[in-house]
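Here's the structure we're looking at; comments come further down.
Coordinate-derived values only; no laboratory data. Model, not experiment: these values are computed from the prediction. So basically every Cβ, Gly included, is an ideal-geometry build from the backbone, and we count neighbours across all protein chains shown.
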Amino acid sequence: MNATEQLAAWIAEEETIAERLNAGPGPGLARPEQLAGKTGLEMMEAMLRAEIPYAAIAKTLDFSLISVAPGRAVFQGTPLPRHLNPLGTIHGGWFATLLDSALGCAVHTMMPTGRAYTTAELGVNLVKALTPKVPRVRAEGKVIHCGRQLATAEARLVGADGTLYAHATTTCLVFDIPPRRE
């Protein structure tokens, strides 16, 4: 598949997902009873099916969850003029947020019921400038290790033509979800 065909496929997939998500609850927070008894993967899959809200930051920064599988999460983003830094390229915070989402959600897919995680360290390497001339990029996060206390993952941010724009790693702390106070 050439870059033009790849981009068309990415956009079509994004439109299908956006239609489903827009018909659901939209951005926000899931209620505790919506998450009770679910693994991290089940939560992410419910989000993609628009059964529970998705993270509002995705709407704010023009990116969306595309797919999840055990130890893997893919996000797609649209770099827009409102994401530019004063030098005329996409702000590093946009790169970092998109990559952090892919990394964290990849780790989230590995959480059993009653377990959660938080980012302890995020390292981002920007290797090529990005401008709104690039219509879409994808961040694919993959878990390297998921243990009882720590999880690590890596992600790459690429264009439809395969150009690498950034790569990142994370270390997450894994813990038991504290019981709810009534």
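Applying 1/(1 + (r/R0)^6) with R0 = 45 Å to the Cβ-Cβ distance of VAL127 and ARG49, what FRET efficiency is obtained, to the nearest 0.05?
Details: r = 35 Å, r/R0 = 0.77.
Step by step, r from the Cβ atoms, then E = 0.85.
Quick one: angle between helix 92-108 and the longest Cα principal axis of the chain, in degrees between 0 and 90, rounded to 10, please. With rounding to tens, the tilt is 40 degrees.
Mind checking the alpha-carbon convex hull of region 23-130 and giving the volume per residue in Å³? Display every interim value, and only then the final one.
Values: hull volume 11.9 nm³, N = 108.
Residue-normalised Cα hull volume stands at 110 Å³.
Considering only the Cα atoms of the chain, their convex hull presents on average a projected area of 10.8 nm². Taking the Cβ of TRP94 as the centre, find all other residues whose Cβ is under 12 Å away and add up their charges (Lys, Arg: +1; Asp, Glu: -1). Here the charged neighbours net out to -1.
Starting from 0.36 nm per residue, how many nanometres of slack lie between ALA23 and ARG115 once their C-alpha separation is accounted for?
Stretched out fully, the ALA23 to ARG115 stretch lengthens by 30.2 nm.
Annotation: amide H-H contacts under 5 Å for HIS91 (H modelled 1.01 Å from N, sequence separation of 5 or more, or interchain): LEU84, ASN85.
Take every Cα pair under 8 Å whose residues are at least 6 apart in sequence, average their separation, divide by the length of region 3-176, and the relative contact order is 23 percent. What FRET efficiency do you get for LEU80 and GLU42 if R0 is 35 Å and r is their Cβ-Cβ distance, rounded to the nearest 0.05? It comes to 0.60.
The simple spin-label model puts a point 7 Å past each Cα toward its Cβ; for PHE175 and LEU150 those points are separated by 1.7 nm.
In region 146-182, what trypsin sites (Lys or Arg not before Pro) fall in a loop by DSSP, with at most 15 other Cβ atoms inside 10 Å? Don't skip to the answer; put the middle values down first.
Numbers: sites: ARG148, ARG156, ARG180, ARG181; in loops: ARG148, ARG180, ARG181.
Filter output for region 146-182: ARG148, ARG180, ARG181.
Each residue of region 52-60 is assigned a 3J(HN,Hα), and the resulting list reads 10, x, 9, 5, 4, 4, 5, 5, 4 Hz, derived from the Karplus form 6.51 cos²θ - 1.76 cosθ + 1.60 (θ = phi - 60°), x at Gly and Pro.
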